[in-house]
Amino acid sequence: MPEGPELHLASLYVNKMCNGVVFTGAVRKSEVSKSPEVPFTCEDYRITATSRGKEVKLTLTPVKSEAPEQSAQTDQADLPMDIVFRFGMSGYFRFTTDDELPKHSHLRFYSKETPCRVLSFVDTRRFGSWQPNGTWQPDRGPCIMFEYKSFRENVVSHLSDRAFDRPICETLLNQKYFNGIGNYLRAEILFRLNIPPFVPARTVLEGLESEDSCESGDCVKKENTKKSPDGAKTQVVKEEAADLLRLCHTVPLEVVNQGGKGYDPEKADYSDFKAWLQCYYVDGMKSIRDHNGRTMWFNGDPGPMAPKDPKSPKVKRKVKKEDDHDYTQKKKVAKSRSESTPKKKVVKQETAAKTPKKEKDARPQEARIKNEKTLSVKVKRETTENARSRKSSPAGVLRRSCRSTRQNSK
């Protein structure tokens with residue numbers, strides 16, 4: 001899944017491949033994509049890219065004409081447009097010829113040159129998205145790589161937030177404070193510091209100053225008082241503690257400095273990255289699913305807040321279309337009947353609850369006898385009515401006259 005370093009490498013790739021290239025026409029979207037159309041059409045424009053955490057912004061800048069009669073006319077097409085991309089689980093950019101267009105190209109920018117080349121946003125799983133005239137999401141924190149001072153102050157000043165009640169491995173995926181950290185980065189950072197993944201985040205981060213005071217960049221100095229053996233004297237001892245916030249800044253930059261990872265045309269492989277990994281998917285390491293269903297790689301003891309039964313069906317894997325993983329603790333609300341429940345339904349439920357069950361008939365034999373008498377009376381009535389109807393019919397009259405004639409002859 002693309003994380004902060006991958007998105008920054010994508011922006012470097014776009015700037016390198018689109019340098020000096022003039023694009024033209026409309027921005028085309030695939031029919032299957034659910035992201036919005038990009039209402040931008042221009043005869044000549046250029047493309048540049050920047051990144052911030054887990055977002056990439058493409059800026060489409062029209063090339064102004066030198067003709068005075070055309071430059072005097074200001075139209076909507078002459079204004080630049082920003083498109084903010086979020087890569088989801090499989091998004092990336094490619095710059096190819098029109099004949100070599102990737103299969104899952106969902107947004108395309110066509111160059112003016114011949115033969116035509118195309119900058120495409122490719123997303124196989126279609127979890128990525130883009131926003132025309134977009135801005136950086138306000139609920140995301142400062143970038144861990146390029147806004148380090150603001151990132152550090154944002155974390156240290158909000159340690160009382162309930163997000164830091166969670167295990168440190170889950171808090172590291174909260175983009176409100178760690179914009180750019182993802183699954184493999186959290187494993188590598190915690191492994192280097194030998195921090196169990198399932199310890200309270202606040203315990204790990206308390207004591208860190210708002211500005212890094214360690215010259216090496218990997219630790220901060222803390223002063224602790226220790227009593228002498230006789231218990232009378234105390235002495236101040238300076239100790240060095242691991243600085244997790246600093247590594248959240250330096251470890252992603254190591255990935256960026258390697259290059260490659262499919263974004264460098266001269267180095268389109270993952271061999272250096274695989275050799276760089278020390279914990280994530282490395283043989284000999286342990287893995288466990290956290291409370292959000294994401295696999296955490298580590299070594300040693302997982303910590304006191306580890307899921308009791310990682311194979312329990314209650315721990316389900318969550319696959320989100322967005323890649324922010326903002327796992328903040330949400331307040332649980334008791335289930336209650338909605339106010340919009342129809343009145344008749346409520347009355348029916350209450351009536352069913354209040355109505356007692358019918359008691360069994362204590363005299364089944366008497367009831368059966370009564371039903372039999374009623375049935376016999378009904379049958380007799382029907383028989384009498386049928387006999388009367390037969391007597392009044394022509395056939396009945398003829399039979400009676402023949403019967404009286406025979407009696408008289410006798």
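The values are calculated or read from the model by the stated rules, or taken from the named source; none is laboratory data. Computed from a prediction, not measured in an experiment: that's the story for all the values here. Here the Cβ positions follow ideal geometry from the backbone for every residue, glycine too, while neighbour counts run over all protein chains shown.
Please state which one of Y263, Y280 is farther than 24 Å from F164 by Cβ and either at pLDDT below 70 or part of a loop (DSSP other than H, G, I, E, B) (or both).
Details: Y280 fails: farther than 24 Å from F164 by Cβ.
Step by step, each of Y263, Y280 is checked, and only Y263 is farther than 24 Å from F164 by Cβ and either at pLDDT below 70 or part of a loop (DSSP other than H, G, I, E, B) (or both).
For every residue, the table says whether it meets (1) assigned to a helix (DSSP H, G or I); (2) within 24 Å of the chain's Cα centre (by Cα).
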residue: F93; (1), (2): no, yes
residue: T96; (1), (2): no, no
residue: D99; (1), (2): yes, no
residue: P102; (1), (2): no, no
residue: F109; (1), (2): no, no
residue: L119; (1), (2): no, no
residue: V122; (1), (2): no, yes
residue: R126; (1), (2): no, yes
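Out of the range 114-129, which residues are of a type outside the set (D, E) and either more than 18 Å from D82 (Cβ to Cβ) or in contact with a Leu (Cβ under 6 Å, 6 or more places away or on another chain) (or both)? Let's see the steps before the verdict.
Step one: filter the range 114-129 for residues of a type outside the set (D, E), giving 114-122, 124-129.
Residues satisfying the conditions are T114, P115, C116, R117, V118, S120, F121, V122, T124, R125, R126, F127.
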